[in-house]
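**Student:** This is the structure, below, for whatever I ask next.
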Amino acid sequence: MIIYGSSFSPYVRKLLAYCEERGIAFELKAVGIGDPDPGYAAASPLKKMPAIDDDGYRLADSSAIIHYLEARDGASGLIPAEAQARGRAIWFEEFADTVMGACVGAIFFNRIVAPVFLKREGDLAAAIAAEREQWPAIRDYLQAELSDGRSWLVGDAFGLADLAVGSALHNLAHAGIKCGDESDPLGAYFERIKARPSFARWTKKEYALLSAMTAGG
Ligand SMILES: N[C@@H](CCC(=O)N[C@@H](CS)C(=O)NCC(=O)O)C(=O)O
């Protein structure tokens, strides 16, 4: 299976970490925003990442791809079977992909993607507005959800909710947004997310590349 995308995208990182958690083999074909790669264009009608080509079966959207893989390879346990836990997992995935996605878009795109990768000025006013107006409600909500001492967002097990929320938190961290220190439920949660090998495999390379690209300037 080919996965088109860049691990800097929260949606791509979510899918890559999902595959790592399950031991699914894939080849990551690096594409950037607006990439003309014909395979990517064929797999992603809206030219958004991630997209896959699995032996000629093409599909876009991280959630659609994860559901495809759950059906292809059998239930992973990363999406709980129990009704209420399943509902909660899908809620957090949706929350990460939409509410957090909008905040990440404004902050990460304008502070990192535009200046570092696209070599143009980002809209810093939009990034500042998202940090002031969107991030506090997201942080407070997640903090409250984690305040009962749980390790992961749903039940006792790491799963889809943590893949989605954890991936978005990495983008905010890249852009300098802090989840709090380790004594805060959200800060401690993010430390557990960062330590997860399925994320660390990608984020190690991301931190190294970002520091190389921003060194000296
Ligand atoms: N709901 C989609 C969102 C995908 C998405 O928005 N990807 C962004 C990168 S983070 C993208 O490819 N943007 C390119 C564009 O909008 O042109 C998913 O979960 O895969």
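**Student:** Per-residue ellipticity at 222 nm for the chain, helices alone: DSSP H runs ≥ 4 residues times -39500 (n - 2.57), over residue total, nearest 500 deg cm²/dmol? Walk me through the numbers before you get to the answer.
**Tutor:** Details: 10 runs with 118 residues, N = 217.
Calculated from helices alone, the mean residue ellipticity at 222 nm is -17000 deg cm²/dmol.
**Student:** Accessible area per residue of the stretch 146-217 at 1.4 Å probe, in Å²?
**Tutor:** On the way: 3190 Å² over 72 residues.
Averaged over the residues of the stretch 146-217, the accessible area is 44 Å².
**Student:** Calculate one ³J(HN,Hα) per residue across the stretch 187-201 by plugging θ = phi - 60° into the Karplus curve 6.51 cos²θ - 1.76 cosθ + 1.60, and present them in order as whole Hz with x for glycine and proline.
**Tutor:** Here the 3J(HN,Hα) series is x, 5, 4, 5, 4, 5, 4, 4, 6, 5, x, 5, 8, 4, 3 Hz.
**Student:** Would you pull out the residues with amide H under 5 Å of Ala51's amide H, same chain only if 5 or more places away, H placed 1.01 Å from N?
**Tutor:** For Ala51, whose amide H was placed from the backbone, the distant partners under 5 Å are Tyr4.
**Student:** What do you get for Rg/Rh over the stretch 83-214 if you use C-alpha atoms and the Kirkwood form of Rh? Walk me through the numbers before you get to the answer.
**Tutor:** Values: Rg = 14.9 Å, Rh = 15.3 Å.
Value, to two decimals: 0.97.
**Student:** Taking all protein chains as present, what is the carbon and sulfur share of the accessible area of the stretch 74-203, in % to the nearest whole number, probe 1.4 Å?
**Tutor:** Values: 3160 of 5890 Å².
Of the solvent-accessible surface of the stretch 74-203, carbon and sulfur hold 54 percent.
**Student:** Separate question: Assigning unit charges at the beta carbon (Lys, Arg +1; Asp, Glu -1) and nothing else, what dipole magnitude in debye, to the nearest 20, does the stretch 20-138 show about its Cα centre? Walk me through the intermediate numbers first.
**Tutor:** Numbers: 12 positive and 19 negative charges, 65 e Å.
Dipole size: approximately 320 debye.
**Student:** Also: Across the stretch 52-58, in residue order, what do the Karplus-derived ³J(HN,Hα) couplings come to in whole Hz, using 6.51 cos²θ - 1.76 cosθ + 1.60 with θ = phi - 60° and x for Gly and Pro?
**Tutor:** So the Karplus estimates, Gly and Pro as x, are 10, 10, 10, 6, x, 8, 10 Hz.
**Student:** Of all GluC sites (Glu not before Pro) in the stretch 97-157, which ones are in loop regions per DSSP and have a Cβ with at most 15 other Cβ atoms within 10 Å? Show your work: numbers first, answer last.
**Tutor:** Values: sites: Glu121, Glu131, Glu133, Glu145; in loops: Glu121.
Answer in residue order: Glu121.
**Student:** From the backbone phi of the stretch 17-34, what are the Karplus-calculated ³J(HN,Hα) couplings (6.51 cos²θ - 1.76 cosθ + 1.60, θ = phi - 60°) in whole Hz, Gly and Pro given as x?
**Tutor:** Along the stretch 17-34, the couplings run 5, 4, 4, 4, 4, 9, x, 7, 7, 7, 10, 8, 9, 5, 9, x, 4, x Hz.
**Student:** Please list, in chain and number order, the residues 5+ apart from Leu28 or on another chain whose amide H is under 5 Å from its amide H, with Hs placed from the backbone.
**Tutor:** When sequence neighbours closer than 5 places are left aside, the close amide H contacts are Ile3.
**Student:** Could you state the accessible area per residue of the stretch 1-133 in Å², with a 1.4 Å probe and every protein chain left in place? It would help to have the intermediate numbers written out before the result.
**Tutor:** Working: 6470 Å² over 133 residues.
Per-residue accessible area for the stretch 1-133 comes out at 49 Å².
**Student:** Less than 20 Å apart at the alpha-carbon level, and either on another chain or at least 8 residues along: which lysines does that give for Lys194?
**Tutor:** Cross-link targets: Lys14, Lys178, Lys204, Lys205.
**Student:** Now for a separate question. Counting DSSP beta bridges in the chain, what percent are antiparallel, to the nearest 5?
**Tutor:** Working: 7 of 11 bridges.
Beta bridges within the chain, antiparallel portion: roughly 65 percent.
The values are calculated or read from the model by the stated rules, or taken from the named source; none is laboratory data. It should be emphasised that the depicted structure is a prediction, and the values quoted were computed from it without experimental measurement. Don't worry about glycine lacking a Cβ; one is built from the backbone with ideal geometry, like all the others, and counts go over all protein chains shown. Quick note on the areas: whole protein, heavy atoms, side chains included, nothing else; ligands and nucleic acids left out. Shrake-Rupley method; radii C 1.70, N 1.55, O 1.52, S 1.80 Å.
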